[in-house]
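A short write-up of the structure that comes next.
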Amino acid sequence: MGFQTEFNSVCKFKSEQELYELLEYGRGKMMKTGFRVFPTGHKVIAYSPANKAIAIVKIVASIAEINFQGVEVTQVEMVLVRRLTEEEARVQTDLAYEMFFAEQELKG
């Protein structure tokens, strides 16, 4: 058991439905497996499951727990600050790929 620290400016969605709810309603949450630490109170870039930068969000809660199935999970709640422009999205996507996502692909 231990906490994994998330890259401090990345909030990557694994579910299109969770991302849709954030963009549609201005608030949303996502579930991650394992205990993780998200920067509560900070603004971060949200990425789609396809690793595309989408928006700026503010993390309002990060709750790590063991669910009823005995699995360690972290629920992250956030509010939408704003969607990124096309140019901002392109630049952020390129930077995140170079700094973060490319390394994950090599590990996987």
Taking θ as phi - 60°, what are the ³J(HN,Hα) couplings along region 25-37 by the Karplus curve (6.51, -1.76, 1.60), each to the nearest whole Hz, with x for Gly and Pro? 10, x, 9, x, 8, 9, 10, 10, 7, x, 7, 9, 10
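I need the chymotrypsin sites (Phe, Trp or Tyr not before Pro) found in region 37-100, filtered to DSSP loop residues with at most 12 other beta carbons within 10 Å of theirs. If you can, show how the numbers build up before the last one.
Details: sites: Tyr47, Phe68, Tyr97, Phe100; in loops: Phe68.
The qualifying sites are Phe68.
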On average, how much accessible surface per residue is there in the chain, in Å², for a 1.4 Å probe, leaving out ligands, DNA and RNA? 63
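Ignoring ligands, DNA and RNA, what percent of the 1.4 Å accessible area of region 11-81 is carbon and sulfur? Show your work: numbers first, answer last.
Details: 1960 of 3710 Å².
Heavy-atom surface of region 11-81 belonging to carbon and sulfur, 1.4 Å probe: 53 percent.
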What three numbers, in Å, describe the spread of the alpha carbons of the chain along their principal axes, ordered from the longest? 43, 35, 23
Using unit Cβ charges (K, R positive; D, E negative) and no other charged atoms, how large, in debye to the nearest 20, is the dipole of region 23-108 about its Cα centre? 280
Which of the lysines could a cross-linker span from Lys32 if the Cα-Cα distance has to be under 18 Å and same-chain partners fewer than 8 positions apart are dropped? Lys12, Lys14, Lys58
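The values are calculated or read from the model by the stated rules, or taken from the named source; none is laboratory data. As the structure is a prediction and not an experimental result, all values here were calculated from the model. All Cβ positions, even for glycine, are placed from backbone atoms using ideal geometry, and neighbour counts span all protein chains on display. Accessible surface areas use protein heavy atoms only, side chains included; no ligands, DNA or RNA. Shrake-Rupley method; radii C 1.70, N 1.55, O 1.52, S 1.80 Å.
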